[in-house]
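See structure below.
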Amino acid sequence: MITEILSPLRPDLTAAQLAKFETYYVMLADWNTRLNLTTIIAPEDVAKKHFLDSFAAEPYLKDGASIADVGTGAGFPGIPLLIVRPDLKVTLMDSQQKKLVFLEAVLERLGLTAECVHARAEDAGQNPRYRERFDAALTRAVSGLPVLCELTLPLVKVGGVSIAYKGDAAEEISASQNALELLHATAERMMIPSDYGVRELVILTKTAATPKQYPRKAGTPAKKPL
Ligand code: SAM
């Protein structure tokens, strides 16, 4: 059923890719009864609001890019992107262990490889294994933009991008001016074609190394946004 909805919207997908989306959907619906992974679960909604929406960052990710999906939850946008772009080196990061258990089961069933990291972004951002290691960080439905600046920009290389999936982002961008200045990044907006309201990507480009004091300790970015 996912196949019938997705294939007219993305006619380039192969039968093997469509089969992966079908399996991912079946697992999401099954595990959701126990784990409360998402409130969006009807097939058409999952196809459009999770899968298709996740694809939006694809044109901004160069061939072979390393990406961190921060606060990935049930795998959005990282897993749909990995299905359509197997060249990507994907790291799925979340602070909730139960999400990681689900993600590892999905990856195994779909025959995909990604690193699954159980961590808060604030801690990962101060860990040399992850700090300034990624070409791109992606976030969808994780936090307001001033907080996202601090959670994601430390993970990204100088010259890399942090891409936030948003609704109308005008106000959030205005509220992020201080964070952008302190963390050395610029912001631009890209509209996502959508038939369910305004969808945008905010693309933050990192122009210089992140000062050592950022990110602050876990919880502080949300309590006291820059
Ligand atoms: N990105 C997914 C999506 O679009 O469906 C999940 C969104 S869910 C509303 C937010 C997720 O972000 C949760 O799984 C939560 O555990 C995770 N999260 C929130 N703050 C985080 C942080 N500081 N570090 C890592 N993960 C975080």
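Any read-out appearing in this document is the output of simple, stated calculations on the displayed coordinates, not a laboratory observation. Note that the coordinates shown come from a computational prediction; the quantities given were computed from them, not determined experimentally. Backbone-built Cβ (ideal geometry, glycine too); neighbour counts: all protein chains shown.
Here is how the numbers come out for the structure above:
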| read-out | value |
| --- | --- |
| Given charges at beta-carbon only (K, R positive; D, E negative), |dipole| of the chain in Debye | 780 |
| Spin-label pair E171/Y60, simplified geometry with 7 Å Cα→Cβ offset, distance in nm | 2.1 |
| Principal axis dimensions, the chain - Cα atoms, whole angstrom, descending | 47, 32, 32 |
| Using a Förster distance of 30 Å, the FRET efficiency for H118-R34 (Cβ separation, nearest 0.05) | 0.95 |
| Cut-off 17 Å (backbone N to label point 7 Å along Cα→Cβ of A218), residues of the range 92-108 | 92-101 |
| Alpha carbon centroid spacing (whole Å) that separates the range 182-221 from the range 79-116 | 22 |
| Semi-axis lengths, Å, the range 112-226, gyration tensor of Cα atoms, sqrt of 5 times eigenvalues | 22, 17, 14 |
| Cα pair distances of the range 49-156 binned at 5 Å [whole percent] | 2, 13, 26, 27, 21, 9, 1, 0 |
| Cβ-derived FRET efficiency at R0 22 Å, L182 paired with Q126, nearest 0.05 | 0.85 |
| Pairs beyond 25 Å (Cα-Cα), from K166/K224; K62/K206; K157/K212; K48/K224; K48/K166 | K48/K224 |
